[in-house]
Each structure stands twice: as C-alpha cells, then as structure tokens.
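The values are calculated or read from the model by the stated rules, or taken from the named source; none is laboratory data. Keep in mind that what you see is a predicted model, and the values were worked out from it rather than measured. Cβ sites come from the backbone with ideal geometry, for glycine too, and all protein chains shown count toward neighbours. With ligands, DNA and RNA removed, areas are computed over all heavy atoms of the protein, side chains included. Shrake-Rupley method; radii C 1.70, N 1.55, O 1.52, S 1.80 Å.
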Amino acid sequence: MSMMSDAEKADVVAETSMLEAKLQETGERERLKQYITTHLNECGWREDLKKHCIEFVQNKGVEKVTVEEITADIAPRGRALLPEELKVEVFNRLRNFAEKQGFEPR
C-alpha cells in the first residue's frame, strides 16, 4: 500500500472537517448519535458494560480504584463488544450522507 503524500493527508483532513461540519449543521450527527444509543441500549451492550464496571470496582475496591483504571479496562472491552451490524450500518449511513452532500468516495 502506498504512503499518502502531505497534500493527500491535508485533503483528507480538510474533507473530514467539512464532513463533520455538515453532519453538525444538518442535525445528522445528532440523529446518528441517537440511533447508536438506542441500538446499544436495545442489544444490552450498555447494561453489560455497566455490570462489568461494577464488578471491576468491587474487585479492586471502591476506595482504591481510579477513573483511569476503570477507563483503561472498560474502553477496550466496549469497543470490542460493539455489534458488527451496528458498525456496518453507521458506516453505510455516513457514506450515504457524504455522497448526498457531494463528497467524493475514496
């Protein structure tokens, strides 16, 4: 795979910023967040992480555990447990949105 030039990297950064702005302006960002939150609640993902977090704190001791330790344990687990169908659906929604806004597919 070839390396991107500095100009290509700058183009990607600029496109990403423009896409983020369009998502915000149109309200699509908020709709995507709501969709993700609803899906994660419905599939039990949030509840599973909450239970794991409680167990982690109880095992470490509530007085001894730090927020950093909790985050270091929970964040990778949360990412790993994200439903694949959710990732695909959000990616597809973002791609469709970008195309409708006139962004070129890469």
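Only protein atoms count toward the accessible area here, which uses a 1.4 Å probe; on the chain, the carbon and sulfur part of that area reaches 55 percent. Size descriptors for the chain: radius of gyration and Dmax over Cα atoms are 18.5, 53 Å. The residues neighbouring LYS22, those whose beta-carbon lies less than 11 Å from its own, together hold a net charge of -2 under the Lys/Arg +1, Asp/Glu -1 convention.
With a cut-off of 17 Å on the backbone N, the residues of the stretch 71-106 near the modelled label site 7 Å out from HIS52 along Cα-Cβ are 71-87. What the Cα convex hull of the stretch 1-57 gives, in volume per residue, is 166 Å³.
In terms of distances greater than 29 angstrom between alpha carbons, the cross-link table entries LYS9/LYS100; LYS9/LYS87; LYS51/LYS87; LYS9/LYS33; LYS33/LYS60; LYS33/LYS100 yield LYS33/LYS60. Residues of the stretch 87-102 with an amide N closer than 11 Å to a point placed 7 Å from the Cα of CYS43 along the Cα-to-Cβ direction: 87-90. Distance between the 7 Å Cα→Cβ label points at ALA21 and LEU81: 3.9 nm.
Candidate cross-link partners of LYS50 among the aspartates and glutamates, defined by an alpha-carbon separation under 19 Å and a same-chain spacing of 8 or more, comprise GLU42, GLU63, GLU68, GLU69, ASP73. Largest GNM mean-square fluctuation among LEU23, LEU94, LEU81, using the chain with Cα springs under 10 Å: LEU81. The mean sequence distance of close C-alpha pairs (under 8 Å, at least 6 residues apart), as a share of the length of the chain, puts its relative contact order at 28 percent.
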